[in-house]
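Taken together, the values in this text are just the output of simple stated rules run on the coordinates, not laboratory data. Note that the structure is predicted; figures quoted are calculated from it, not measured. For neighbour counting, all protein chains shown are included, and Cβ atoms are generated from backbone atoms with ideal geometry for every residue, glycine included.
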Amino acid sequence: MDKNKNVYVTQEGIRREIEILLCTRFEVPKKFIQNMENEEGLFFGVRSLIGPRDLVYLVYLLEKQYNICFGEAEYDNPKFYSLAGLSEIIANMVSTQKIVRRESNEKIHCNESNLSVSC
């Protein structure tokens, strides 16, 4: 249960950071974001927050900030196009990335005479 709580906290933090980016970089009013919070298709549609070009730039900024790379699976996921869904996807990617890094670090073995890395 604590693991899910940590992912949720991370997801909420990521969500807040995306909101800040939307407000500062794309000049989306905070009030508008809060009113659209629970709707799917938040980024596009009749009451869209940002256009396609801005979404591409947002993705670029998020990839740099979280050291992740979105792929076809993320772009095809309908959750990708809402604030809540995008936050969830990033939180899962960051969480998975930490697990992979931790496993990689566990493969590094130190000897008295040398340091070897097994792949």
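At a glance:
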| read-out | value |
| --- | --- |
| Distance in nm between pseudo-label sites at Gln34 and Gln65 (7 Å out along the Cβ direction from Cα) | 1.9 nm |
| Prolate/oblate/rounded call for the range 56-96, Cα gyration tensor, a/c under 1.5 rounded | rounded |
| Linear extension gain, Glu72 paired with Leu21, 0.36 nm per residue minus alpha-carbon span | 16.0 nm |
